[in-house]
1. Rounding to the nearest 20 debye, state how big the charge dipole of the chain is about its Cα centre with +1 on each Lys and Arg Cβ and -1 on each Asp and Glu Cβ.
2. Where the accessible area of segment 96-145 is counted over protein heavy atoms with a 1.4 Å probe, how much of it, in %, is carbon and sulfur?
3. How big is the charge dipole of segment 106-201 about its Cα centre, in debye rounded to the nearest 20, if each Lys and Arg gets +1 on its Cβ and each Asp and Glu gets -1 on its Cβ?
4. Can you find, among Ser243, Met286, Pro255, the residue farthest towards the positive end of the dipole of segment 240-303? Put +1 on the C-beta of Lys and Arg, -1 on that of Asp and Glu.
5. Can you tell which of Gln296, Ser330, Phe313 lies farthest toward the positive end of the dipole of segment 290-356, using +1 and -1 charges on the Cβ of basic and acidic side chains (Lys, Arg; Asp, Glu)?
6. Okay, which of segment 220-239 sit inside 18 Å, backbone N to the point 7 Å along the Cα-Cβ direction of Ser105?
7. Hey, any idea what the orientation-averaged projected area of the convex hull of segment 144-272's Cα atoms comes to, in nm²?
8. Return the whole-Å distance between the Cα centroid of segment 312-342 and the Cα centroid of segment 57-127.
Amino acid sequence: MDKKISPSVKGRLIKPAVLFSLLAATAWFGTNWQASAQMSVLLPLSSVSTAIVQQQSLQESIALRANVLPQHTVFLDVIEGGRVEEKLAEQGQFVEQGQPLVKLSNTALQLDLISREAQVTEQMNFLRNTQMTIETNRLNLQRDVLDIEHQITTLSRNLAQSEPLVKTGVLAQEHLLNLQQDLRYQQQRLQLTKRQQQQEEAIRQQQLSQLSESVDMLTKNLEFARQNVQNLLVRAPVSGYLSEFNVEAGESRAPGSRMGQIDLPERYKLVASVDEFYLSRVSTGMQAVASLNQQQLPLTVSRIDSRVVNNQFQLEFALPGEHSVKRGQSVNLNLLLEQQQQTALVLPRGAYLADSAGQYVYVLDSRTATARKQAVTLGKQSANQIEIVSGLNAGDQVIISGYREFQQADTIQLQQ
């Protein structure tokens, strides 16, 4: 009879131990292979570009992108609101001073002008009647003075003729007394009339002055009302290029609304947006160099708009003289943050700065064709160069092309 043989305890323990060892070895190999793949990259040498760290002259500057804008702009605002009846010019067109641009209509304004004309006419007629009355009173007083003076002259002559006759007894003494009394009355009356004439003359001058001012004021008010109606025909205040002229026939425009603007020709400026980091380092009069029409043009900062919008503020540069540029054209320029050049350890600027955020670079060993990641500290910069404060030495060969494909690797192995 056959007997069943059971496996020994030792055999049962050896098999799981061997299996566990195999699994551990496999996991260790996979982990180390994956880490090695992450830390080291194999690339062809032709896929990267390099530069040598050198001691060179460096003038700190920042590269900016500026837009061409006119130095002087005249805005077109609606003085009196109304309905757009006709558009007489197009956006971008060169217009002459006084040229009609838009024709508006405003029924209420036109009716108001008619009412004002009627009121002014009535008031001016009243003022003219008042002037005629004052002049008539003045003439009446002059006539009274003439009458009194004539009577005084007549009485004086009669008195002179009557005195001898009274002495000889031809005329009674009473007749002489009456003549003397009438003469004194007329003389006193003449004095009062002249005093009245002087007072009324002073009042008349004041009234005529006030009436004249009233007439002038009413006339100006009428002219102002007429001007408001004339403003319904919008004309170009200056000669220049009509820009941002957004007007369509049939739409209504409120008083004070902006229809567009006129850019004065032949005088332009450059406007550039700058990161707020440089706000404390920029001042008016600072030098800059612009690349315009394949020429290097020196500029100065003419105005700083310190209002920060979207983490940026604006600089303005006046363009001297006349240049063949157009509104909205883009221009590259370098703003010089230092007046003089200084010697520093520099590298050319490149895509590596953005990919590494300026924290590290890959230094190439030409003997082993291996590049290793090296932490660096960067300093001043210009349009083409950047200062190396620490981490590199003169003569080091650095990869300056983009790091996106291998920015997680510690070493790069380059092959021909």
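1. Result for the chain is approximately 2020 debye, rounded to the nearest 20.
2. 51
3. For segment 106-201, the charge dipole is close to 340 debye.
4. Met286
5. The Cα lying farthest towards the positive end belongs to Ser330.
6. Residues 229-234 qualify, since their backbone N sits under 18 Å from the label point.
7. Mean projected area of the Cα convex hull: 18.1 nm².
8. Answer, in whole Å: 32.
The values are calculated or read from the model by the stated rules, or taken from the named source; none is laboratory data. All values reported here derive from a predicted model rather than from experimental measurement. As a convention, Cβ positions derive from the backbone with ideal geometry for all residues, glycine included, and neighbour counts pool all protein chains shown. Surface areas here come from the heavy atoms of the whole protein model, side chains and all, with no ligands, DNA or RNA. Shrake-Rupley method; radii C 1.70, N 1.55, O 1.52, S 1.80 Å.
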